[in-house]
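Engineer: Mind having a look at this structure? Questions to follow.
The values are calculated or read from the model by the stated rules, or taken from the named source; none is laboratory data. Keep in mind that what you see is a predicted model, and the values were worked out from it rather than measured. Don't worry about glycine lacking a Cβ; one is built from the backbone with ideal geometry, like all the others, and counts go over all protein chains shown.
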Amino acid sequence: MSKRIAILATNGFEESELKSPKEYLEQQGWTAEIVSPESGSIKSWADTDWGPEYKVDKVLSEVSSKDYHALVLPGGVINPDKLRTNEQAIVFVKSFFDEKKPVAAICHGPQTLINADVVRGRELTSYPSIKQDLINAGANWVDKEVVVDSGFVTSRTPDDLPAFNKKLVEEIKEGKHELQHS
């Protein structure tokens, strides 16, 4: 069965954390769409400097979580910081949890989840610099390559992408998770 996955990002996303999951999802025969508050294209961050631009498939204001089977939140320092102050992005993210759909966030990506108020009581991981922010928001932070908590997948860094991608696909194949919650 064909699946449709939203990758929510804006300028300053870590390139590998968008590119790798997108390609892996598309290898499954699924559609992975870049959803952004901006139209046209968004600029990546590649390790230590600005990287290539990526075409935005759908503008955030034109879509709903009901259009997708799952959500991916790439990191980068700039990207989640911008998204977490965008009310439309917060509503979009929270709705995936409310609908019990798989959500995956890597590196700094979980910062957006703090503002969506969906990490309390959840086991997760992230880039170490936001560990305390997540703990303060009520998360049970662990230092592991990949963590899965009822359809909620998190990883620490681009080095974890192979495990992250594999678990993401596994959770999407399982479909809705009754224990997924906000």
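Engineer: Looking at Lys3, is it touching a Phe, Trp or Tyr at 6+ places or on another chain (Cβ under 6 Å), charged (D, E, K, R) and farther than 24 Å from Leu124 by Cα? Quick ask: steps written out before the conclusion?
Structural biologist: On the way: touching a Phe, Trp or Tyr at 6+ places or on another chain (Cβ under 6 Å): yes; charged (D, E, K, R): yes; farther than 24 Å from Leu124 by Cα: yes.
It is true that Lys3 is touching a Phe, Trp or Tyr at 6+ places or on another chain (Cβ under 6 Å), charged (D, E, K, R) and farther than 24 Å from Leu124 by Cα.
Engineer: Next up: Restricted to segment 94-107, and to residues that are more than 18 Å from Lys22 (Cβ to Cβ) and of a type outside the set (Phe, Trp, Tyr), which residue is surrounded by the fewest Cβ atoms within 10 Å (Cβ to Cβ)? Don't jump to the end; show me each part of the working.
Structural biologist: The first filter runs over segment 94-107 and keeps only residues more than 18 Å from Lys22 (Cβ to Cβ), leaving 94-95, 97-100.
Retained after the next criterion (residues that are of a type outside the set (Phe, Trp, Tyr)): 94-95, 98-100.
Numbers: Lys94: 18, Ser95: 17, Asp98: 13, Glu99: 16, Lys100: 17.
Among those that are more than 18 Å from Lys22 (Cβ to Cβ) and of a type outside the set (Phe, Trp, Tyr), it is Asp98.
Engineer: Shifting gears a bit: Go through Val77, Val118, Val153, Val91 for me and flag whichever is buried (at least 24 other Cβ atoms within 10 Å of the Cβ), out of contact with any Ser or Thr (no Cβ under 7 Å at 6 or more places or on another chain) and closer than 24 Å to Ser36 by Cβ. Spell out how you get there, then give the answer.
Structural biologist: On the way: Val77 fails: buried (at least 24 other Cβ atoms within 10 Å of the Cβ); Val118 fails: out of contact with any Ser or Thr (no Cβ under 7 Å at 6 or more places or on another chain); Val91 fails: buried (at least 24 other Cβ atoms within 10 Å of the Cβ).
None of the other options fit; the residue is Val153.
Engineer: Where in segment 17-72 are there strands (runs of 3 or more DSSP E), lying fully within it, with 3 or more residues that are touching an Asp or Glu at 6+ places or on another chain (Cβ under 6 Å)?
Structural biologist: Details: elements: 31-36, 41-46, 49-55.
It comes to 31-36, 41-46.
Engineer: Here's a check for you: in segment 127-153, which residue that is part of a loop (DSSP other than H, G, I, E, B) and at negative phi is nearest to the chain's Cα centre (by Cα)?
Structural biologist: Narrowing segment 127-153 to residues part of a loop (DSSP other than H, G, I, E, B): 127, 137-139, 142-145, 150-151.
From the residues that got through so far, the ones that are at negative phi too are 127, 137, 139, 142-145.
Numbers: Tyr127: 13, Ala137: 18, Ala139: 16, Val142: 18, Asp143: 18, Lys144: 17, Glu145: 16 Å.
Of everything passing the filter in segment 127-153, Tyr127 is nearest to the chain's Cα centre (by Cα).
Engineer: Starting from segment 108-119, take each residue that is at negative phi and outside any loop (DSSP other than H, G, I, E, B) and list its partners that are surrounded by fewer than 24 Cβ atoms within 10 Å (Cβ to Cβ) and at pLDDT below 95, counting only C-beta distances under 6 angstrom and pairs at least six apart or across chains.
Structural biologist: none
Engineer: Considering only residues of segment 154-182 that are part of a loop (DSSP other than H, G, I, E, B) and modelled with pLDDT of 95 or more, which is farthest from Asp47 (Cα to Cα)?
Structural biologist: Taking segment 154-182 as the starting set, the residues that turn out to be part of a loop (DSSP other than H, G, I, E, B) are 156-157, 175-182.
Restricting the remaining residues to those that are modelled with pLDDT of 95 or more gives 156-157.
On the way: Arg156: 15, Thr157: 11 Å.
For segment 154-182, the residue satisfying everything is Arg156.
Engineer: I've got another one for you. If Ser65 satisfies every condition in (1) among the hydroxyl-bearing types (Ser, Thr, Tyr); (2) at pLDDT 95 or above; (3) surrounded by fewer than 17 Cβ atoms within 10 Å (Cβ to Cβ); (4) more than 23 Å from Trp141 (Cβ to Cβ) but one, which is the exception?
Structural biologist: (3)
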